[in-house]
Amino acid sequence: MPPLQPVTRALLLINVAVFFLLPLLGGSVEALFALWPLGTHFLPWQVVTYSFLHGSFEHLFFNMLGLWMFGSELERIWGEKRFVQFYAAS
């Protein structure tokens, strides 16, 4: 496995931190960050924040496993800027 690159490490930490912090803040806070259809509860920042929400520990685990396996290598090959652009677009 490739060594953990800085942006990949930061994304892993952010995702795990958000997963464990949201239950402490209450369910209504999560509704502010989940992605809602236009015309309902949509807020502009939800386009970015929804990618850091995970429904269960298994969901988080397998997403972070994929980020670790593929993200480090892509970041090494493409560089930090292009990798962040790819992650944001995904």
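The values are calculated or read from the model by the stated rules, or taken from the named source; none is laboratory data. As the structure is a computational prediction, the values presented were derived from the model and not from experiment. Here the Cβ positions follow ideal geometry from the backbone for every residue, glycine too, while neighbour counts run over all protein chains shown. Each accessible area value is taken on the protein alone, full model and side chains, heavy atoms only, with ligands, DNA and RNA left out. Shrake-Rupley method; radii C 1.70, N 1.55, O 1.52, S 1.80 Å.
Among the residues of region 66-89, is any in a helix (DSSP H, G or I), loosely packed, with under 14 Cβ neighbours inside 10 Å and modelled with pLDDT under 90? Among the residues of region 66-89, at least one is in a helix (DSSP H, G or I), loosely packed, with under 14 Cβ neighbours inside 10 Å and modelled with pLDDT under 90, which makes the answer yes. Just one residue in the set 25, 53 is open to solvent by 80 Å² or more (accessible area, probe 1.4 Å) and at pLDDT below 95; that residue is 25.
Within the group 48, 7, which residue is surrounded by 16 or more Cβ atoms within 10 Å (Cβ to Cβ), assigned to a helix (DSSP H, G or I) and among the β-branched types (Val, Ile, Thr)?
Details: 48 fails: surrounded by 16 or more Cβ atoms within 10 Å (Cβ to Cβ).
Of the residues listed, the single one that is surrounded by 16 or more Cβ atoms within 10 Å (Cβ to Cβ), assigned to a helix (DSSP H, G or I) and among the β-branched types (Val, Ile, Thr) is 7.
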